[in-house]
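Here is the structure we will look at, set down as structure tokens.
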Amino acid sequence: MSVEQLLASLQTLTPLLAREMAQGRREARLPDPVARELLDRGLFRIWIPVRFGGFELTLPEALQVYEAAARLDGSVGWAVMIGSGGGLFAAYLSPPVASRLFALRGAVVAGSGAPTGIAERVPGGYRATGRWRYASGAHYATVFTANCRIQEQGVPVLKDGQPLIRAMCFSPDDVSIQHSWDTHGLRATGSHDIEVTRVLVPDDSTFSVMTDAPRHEGPLYQLPFGTLTELPVTAVVLGIAQHALAEFEALAQNKPAPGTGLPLLQYDAVNRALRDAYARVEAVRGTLYDLADAAWNAALVDGIPDACVIEACTLTSARLVRELIEAIGLIVPLAGMNAIQREDPFAIAWHDLNAAAAHYSVSPLGALRQD
């Protein structure tokens, strides 16, 4: 499916989201009808290799989809980005295992990158136990992945002096979902904790996006996993910022200014702040896609972008996200009490924006990796 078809399909979801997402925020998970539509429309197959029935979109194309989905709703944008990003893992598994896990049209991954589990080496594989946070999409996932620190006879296994870490693939039957997700923003992503106890994982159902070579050719799978996280998260934050601008403009067309009864948009100060915010968001968009084009073109020509391109993705993503927060922050005070109402559309977008910006990959703490 082309990026144009995916973008057009997204736009038809607006009535469904208007009906369902309030319930999703109350239940702290993506509503079943919304999850089904995302699955049916192939929005989780963006980065699954073509050989397994995926779309294998380019990096700039995928960012367009993530941005557009987040422009509709922050939780939906996050769900699409995280769910489709898991398709990258198919490139690191043996073809038979990847086909079994990803060829089904309804295949979608949930999991966690933090190595908070332990996997004990046993004949033919590993015995894994652990609990992991923030498994977005846990309720509709068909496969879970989570990083474990490897042990042998209870002793940590080291590689180059560091703990050896591998991702384990788990069946939903082996996973217990712990309902821990209780936030102001991105509430409907269902980013709950997951837990497994002494689950046997065969060797061929483990992988590492950091140390293993991808088994699938193609420029997408040669890009560093960090780049394929940082730029997508930034695209989601961008889409949420655009959504916040639209919601504020709709609010300001009708909300009377205190003491006057005139709509906010009739005041020059409000219009100046809104124009400034729009301009700053659009400038971020241009920089993001320039960055994505540079990384993608480097992958096409050289196979793997050089260190300067990779570093630019990390540092610039963090900076762009901060700029988006600042841009929308210009208009938050002008919204008055609407900005703190639980179900006000502008307040929802503002909280979603801050929640997405807290992700490690685009936070100032994440950028410290380059220091």
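What follows draws every value from the coordinates through simple rules; no lab data is involved. Bear in mind the structure is a predicted one, so any value in this text is a computation, not a measurement. Glycine gets a Cβ as well: all are built from the backbone with ideal geometry, and neighbour counts include every protein chain shown.
Just wondering, is there one or more residues in the stretch 96-112 that are touching a Lys or Arg at 6+ places or on another chain (Cβ under 7 Å) and surrounded by fewer than 20 Cβ atoms within 10 Å (Cβ to Cβ)? Walk me through how you get there before you give the answer.
Start the filter on the stretch 96-112 by keeping residues that are touching a Lys or Arg at 6+ places or on another chain (Cβ under 7 Å), which leaves 112.
The next check asks that each one be surrounded by fewer than 20 Cβ atoms within 10 Å (Cβ to Cβ); those that pass are none.
There is no residue in the stretch 96-112 that is touching a Lys or Arg at 6+ places or on another chain (Cβ under 7 Å) and surrounded by fewer than 20 Cβ atoms within 10 Å (Cβ to Cβ).
Out of the residues in the stretch 229-271 that are in contact with a strand residue (DSSP E or B) (Cβ under 7 Å, 6 or more places away or on another chain) and surrounded by 18 or more Cβ atoms within 10 Å (Cβ to Cβ), state the one that is farthest from VAL362 (Cα to Cα). Going through the qualifying residues, I end up with LYS255. Checked against the criterion of being at positive phi and of a type in the set (A, V, I, L, M, F, W, C), the stretch 11-34 contains one or more residues that satisfy it.
Here the stretch 1-43 is the region considered, the condition is being assigned to a helix (DSSP H, G or I) and polar (S, T, N, Q), and the residue that is nearest to SER136 (Cα to Cα) is GLN23.
Close Cβ contacts (under 8 Å, 6 or more residues apart or on different chains) running from residues in the stretch 195-213 that are closer than 19 Å to GLY87 by Cα to residues that are aromatic (Phe, Trp, Tyr) and in a strand (DSSP E or B) comprise THR206/TYR126. Checked against the criterion of being without any contact (Cβ under 8 Å) to a residue 12 or more places away in the chain, part of a helix (DSSP H, G or I) and surrounded by 13 or more Cβ atoms within 10 Å (Cβ to Cβ), the candidates ALA327, ALA318, ALA339, ALA295 yield just one match: ALA339.
Pairing residues of the stretch 175-193 that are within 17 Å of ARG131 (Cα to Cα) with residues that are among the aromatic types (Phe, Trp, Tyr) and surrounded by 23 or more Cβ atoms within 10 Å (Cβ to Cβ), at Cβ distances under 7 Å and at least 6 apart in sequence or on separate chains, gives VAL175/PHE144; ASP193/TRP132.
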